[in-house]
Amino acid sequence: EMNGFLCLLAAGLYLCSQCQVTAESRLSRSVIERAVMAAKANVDSAYTYSRRESLDRVRRNALNPAHVLRLLKQPAGVSRTAVRAADYMENAVILVKRSLERRQRRSVNATDLLSEEDLELISELTGCSAQRRAPSCSTQNTRWGASNTPFARWLPAEYQDNIAQAIGWDPEKKINGHILPLVREVSNKILRTANSDVENDPLYTHLVTIFAQWTDHDLTFTPHSPVIKSFSSGIDCDKSCARTEPCFPIEIPRQDPRFGRNSEECMPFFRSAPTTVRQQMNTLTAFIDVGQVYGSDEAKARSLRDLTSDKGLLRVNKEYTDDGREHLPFSEMTTNMLRLSLSILCDFSGDERTNENIALTSLHTLGLREHNRLARALAKLNPHWNGERIYQETRKIMGGYFQVLTFRDYLLHIVGPDILAKQLATYPGYDEEVDPSISNVFATAAYRFAHLMVQPFIFRLDEQYKEHKKFPSPLLSKAFFAPWRVIFEGGLDPIVRGLVGKPAKLNTQDHMMPDELREKLFKFTMDLALDLGALNMQRGRDHGLPGYNKWRKFCGLSEPQNLEQLAEVMNNTDLAKNLLDLYGTPENIDVWLAGVAEPFVPGGRVGPLFACLIATQFQKIRQGDRLWWEKEGVFTEAQRKSLKETSFARIICDNTGVTEVPEKPFQFRPRGSGYTQCKDIPPFDLNPWRDDGELMS
């Protein structure tokens, strides 16, 4: 059902748009067959070339930062099948459009002459129809929030050709009367921050930053098409600055110090894979269900389990331990990567991005250890349970854990107490009319706020919470894709202490993004590194996100029209002037950039726009989840009482050698005041899960 659903959507927003198609205007079957055959040949050739070239780069240890990012965004399993089907569909529609243009001798929207029957035939011929349900102009509730479905659109997409072309695809085309600035130019003029200029957050720990990434990887993953060359021209996207699907390179301004270095004039950038023309896919479930530990499809979930015993455990590393504690298993396909200078995707977990940095790897490892700890405890409590029952009950508890931690402890520090009280306080109950699907603007812009809270170091601290002498804190650029540092350089404990014992970076309008992320992202060699800020803005344009003011209007906020009004919103005249010098009008400011530039709401770490978008998304996630921990019948009353007492500090204590932690690990405190001995933190009470043989709620 999933693949067929996506394949129908892949032909576009069009199932509802061609009601005037007449029998006389129907395309012949032979025209459609030829288009589909040509599309499949184009896509298959591009996939084959891309796989061969990628494997060759791995063998030659010739991966550069752009290759790393592309590998990181590869769809896998059922997601890859869905992406390939969408590529077939999109290319077939493009070929039909060209055929019609030749006939009509004018530019037309191919879908004006594509009937629903034509689209169904294309779906059938691409091999996508075997599991397809009847087409519908609205997503059925059973698919809301499911993996491998399109992101929600809270506002209509804005593409340069009104169909699919990324904003800025034609750099000379004016939008609202102005040429869009290059995203790298914006990054240089607004975001630039030397590592030495980073300000520390006085209130919140670096755990807040990495927890944002951790929760994001439970909720959103936007895959790229696996291809590295253009479907139409055959150009290799890594070797050209041409804009040809799916290549949408980031141009480097001529005055940029990088320009011309190693003959580079652009950073490679690949458009997100389509589901609709043009919508993007979320390969993860929209629910807080700890998918980053367990996976978001059945095959992935099964591959993560230890099925050699009937104990409900997750697989662990068989070669190494952390002073007797478990490490994540190695990915079977990439174990040999440890021998390379790039240890890419070595550790295996529920999410492909586990190895992005060693702090994130550490949270994944905590998740693995806590699952296995709970599973062993439940087995002792209920020796008559089999492994399947233990696994499912443990997974359910873990989901409850992180729903509690996210809403009770974490979101307060992001959206602030006022927005929390207004939208995210008392659980209102399940509402089957609420669509919990992740919105495109949340995934592509608002929830990337924490990129401005990343410290240029991944801190490693000793037992006294001082800099670790044997394993000092590496620069962030040295901690990308380096799971070996967790295994061979002191294990989890120093990194976890660094997360809870050091402050986050403070996002200020003068010092937004450190050069570790702007100049050294995924940098391993002398090859051109990537710029995270530029990537974020280019991704927003790729996804057709409307500009700043339309999102302000969506949230019921003012819409600044001139310098004076923008200066008032930003509480900063110089920043407002710089933004208008670049964009010409507030309407055009990339929503991610404007969102992270706004002054914080009281007690939060985002401005009013992102506070609204983030709170709205989590409100929908909670209210549209029929398995939410507070919903009657999901857990028993006694179990809910236990879950209310969940403590991230306790999870750290139970799964590391750390013996002293801040009682509230998201809140920064100097050691001493606010730090608690692990022995004084109450354990999680599993007694409500004791089973006397009767079925539990």
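The values are calculated or read from the model by the stated rules, or taken from the named source; none is laboratory data. Quick caveat, the model's predicted, so the values are computed rather than measured. Note: ideal-geometry Cβ built from the backbone for every residue, glycine included; neighbour counts use all protein chains shown.
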*Report, by residue number, each residue of the range 144-176 that is in contact with a Ser or Thr (Cβ under 7 Å, 6 or more places away or on another chain) and within 15 Å of residue 587 (Cα to Cα).*
176
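Is it the case that some residue within the range 433-456 is of a type outside the set (Phe, Trp, Tyr), outside any loop (DSSP other than H, G, I, E, B), surrounded by fewer than 21 Cβ atoms within 10 Å (Cβ to Cβ) and over 14 Å from the mean Cα position of the chain (by Cα)? Spell out how you get there, then give the answer.
Our first condition is that a residue be of a type outside the set (Phe, Trp, Tyr); within the range 433-456, this holds for 433-441, 443-446, 448, 450-456.
In the following step, the residues that additionally are outside any loop (DSSP other than H, G, I, E, B) were identified as 439-441, 443-444, 446, 448, 450-452.
Those still in the list that are surrounded by fewer than 21 Cβ atoms within 10 Å (Cβ to Cβ) too: none.
No.
Do you know which of the residues in the range 247-277 that are small (Gly, Ala, Ser) and more than 24 Å from the chain's Cα centre (by Cα) is modelled with the lowest pLDDT? Steps first, please.
Taking the range 247-277 as the starting set, the residues that turn out to be small (Gly, Ala, Ser) are 260, 263, 272-273.
Subsequent filtering for residues that are more than 24 Å from the chain's Cα centre (by Cα) retains 260, 263.
Details: 260: 64, 263: 57.
My answer is 263.
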*With respect to the numbered conditions (1) modelled with pLDDT of 75 or more; (2) surrounded by fewer than 19 Cβ atoms within 10 Å (Cβ to Cβ), which one is the sole condition not fulfilled by residue 116?*
(1)
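Picking from 392, 464, 403, which residue would you name as being in a helix (DSSP H, G or I), among the polar types (S, T, N, Q) and surrounded by fewer than 20 Cβ atoms within 10 Å (Cβ to Cβ)?
Sole residue among the options that is in a helix (DSSP H, G or I), among the polar types (S, T, N, Q) and surrounded by fewer than 20 Cβ atoms within 10 Å (Cβ to Cβ): 392.
Please work out which residue is surrounded by the fewest Cβ atoms within 10 Å (Cβ to Cβ), limiting yourself to the range 148-162 and to residues that are more than 21 Å from residue 185 (Cα to Cα) and in contact with a Gly (Cβ under 8 Å, 6 or more places away or on another chain).
The initial filter retains those residues of the range 148-162 that are more than 21 Å from residue 185 (Cα to Cα), namely 148-159, 161-162.
Remaining after also requiring in contact with a Gly (Cβ under 8 Å, 6 or more places away or on another chain): 157-159.
Working: 157: 19, 158: 15, 159: 18.
It comes out as 158.
If a residue has to be in a loop (DSSP other than H, G, I, E, B) and in contact with a strand residue (DSSP E or B) (Cβ under 9 Å, 6 or more places away or on another chain) to count, how many in the range 669-683 make the cut? Break it down into steps so the answer makes sense when it comes.
Start the filter on the range 669-683 by keeping residues that are in a loop (DSSP other than H, G, I, E, B), which leaves 669-674, 681-683.
Next cut, in contact with a strand residue (DSSP E or B) (Cβ under 9 Å, 6 or more places away or on another chain) only: 669, 671, 674, 681.
Selection size over the range 669-683: 4.
Take the conditions without any contact (Cβ under 8 Å) to a residue 60 or more places away in the chain and either touching a Phe, Trp or Tyr at 6+ places or on another chain (Cβ under 6 Å) or within 26 Å of residue 280 (Cα to Cα) (or both) and apply them to residue 562. Does it pass?
Spelling it out, it is not the case that residue 562 is without any contact (Cβ under 8 Å) to a residue 60 or more places away in the chain and either touching a Phe, Trp or Tyr at 6+ places or on another chain (Cβ under 6 Å) or within 26 Å of residue 280 (Cα to Cα) (or both).
Would you be able to say whether some residue in the range 565-575 is in contact (Cβ under 8 Å) with a residue 40 or more places away in the chain and not hydrophobic (A, V, I, L, M, F, W, C)?
Initial filter on the range 565-575 (in contact (Cβ under 8 Å) with a residue 40 or more places away in the chain): 570, 572, 575.
Checking the rest, the ones that are also not hydrophobic (A, V, I, L, M, F, W, C) come to 572.
Yes.
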*Positions within the range 478-497 being touching a residue at least 40 places away in the same chain (Cβ under 8 Å), over 18 Å from residue 207 (Cα atoms) and either polar (S, T, N, Q) or not in a helix (DSSP H, G or I) (or both), in sequence order*: 481, 482
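Could you tell me whether the range 350-360 includes any residue that is among the hydroxyl-bearing types (Ser, Thr, Tyr), assigned to a helix (DSSP H, G or I) and buried (at least 18 other Cβ atoms within 10 Å of the Cβ)?
Filtering the range 350-360 down to residues among the hydroxyl-bearing types (Ser, Thr, Tyr) leaves 354.
Filter once more, so that each one left must be assigned to a helix (DSSP H, G or I): none.
Scanning the range 350-360, I find no residue that is among the hydroxyl-bearing types (Ser, Thr, Tyr), assigned to a helix (DSSP H, G or I) and buried (at least 18 other Cβ atoms within 10 Å of the Cβ), so the answer is no.
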